[in-house]
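*Asks:* My structure is below; once you've seen it, I'll send some questions.
Read-outs: derived from the displayed coordinates by stated rules, not from any lab. What you see is a predicted model, and the numbers here were worked out from it, not measured in a lab. Ideal geometry is used to build each Cβ from the backbone, glycine not excepted, and the neighbour counts take in all protein chains shown.
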Ligand SMILES: C[S@@+](CC[C@H](N)C(=O)[O-])C[C@H]1O[C@@H](n2cnc3c(N)ncnc32)[C@H](O)[C@@H]1O
Ligand SMILES: [Zn+2]
């Protein structure tokens, strides 16, 4: 999961119905907790009212250089192509390093994508924080936009349920182009299914 990398169908979502943290996992924030989500698998929810601009939870993990980041990204892609599973949790940190958040102590990796969000990620002094972009009520699911580009867009349907949802997980900057791609796909499908009138 990353603003800069792709993600594919989620291995963790295939766990037994689990609404909370598993052994060895932790939620290192007083503001939120892990629960089952109607969007997908587990999600992260406000444990109390959270004022706008609050830094809610740090996105922690292993700091890796760009070569290692590429290697892991491609390995995950291969795994996805073979099994249909695997997810990438790599976040861009700076020009030299990324954070691989695929570690049990990183509850922030369980935050789902939304198209009408209440959170964003920001980087400050080599730390990645998920912060509230508006007041969030106790019990609300925390959501931020994963910012995916349109490579393999059809692999990432979005079920966030927001009125503005374009149906696929993509950064807002890509939504206009996404609509064009959806139209082109639908037109191509129509052209191949319409009966040909002979004579
Ligand atoms: C980093 S995980 C988020 C945590 C995940 N819910 C879990 O239980 O492990 C990202 C994956 O969750 C799923 N996901 C997150 N947001 C989604 C959304 N809005 N619509 C559909 N699937 C979503 C996708 O499978 C995505 O690859
Ligand atoms: Zn959506």
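*Asks:* Of 122, 146, how do they rank once you tally other Cβ atoms within 10 Å and put the fewest first?
*Replies:* 122, 146
*Asks:* Could you tell me the relative contact order of the chain? Use alpha-carbon pairs under 8 Å, at least six residues apart, and round to a whole percent.
*Replies:* It rounds to 25 percent for the chain.
*Asks:* Sort 66, 180 so that the residue with the fewest other Cβ atoms within 10 Å of its own Cβ comes first and the one with the most comes last.
*Replies:* Going from least to most buried by this count: 180, 66.
*Asks:* Ranked from highest to lowest mean number of other Cβ atoms within 10 Å per residue, what is the order of the peptides 43-51, 21-29?
*Replies:* For the peptides 43-51, 21-29, the packing ranking is 43-51, 21-29.
*Asks:* Average the reciprocal distances over every distinct pair of alpha-carbons in the chain, invert the result, and give the Kirkwood radius in Å.
*Replies:* Kirkwood radius, the chain: 18.0 Å.
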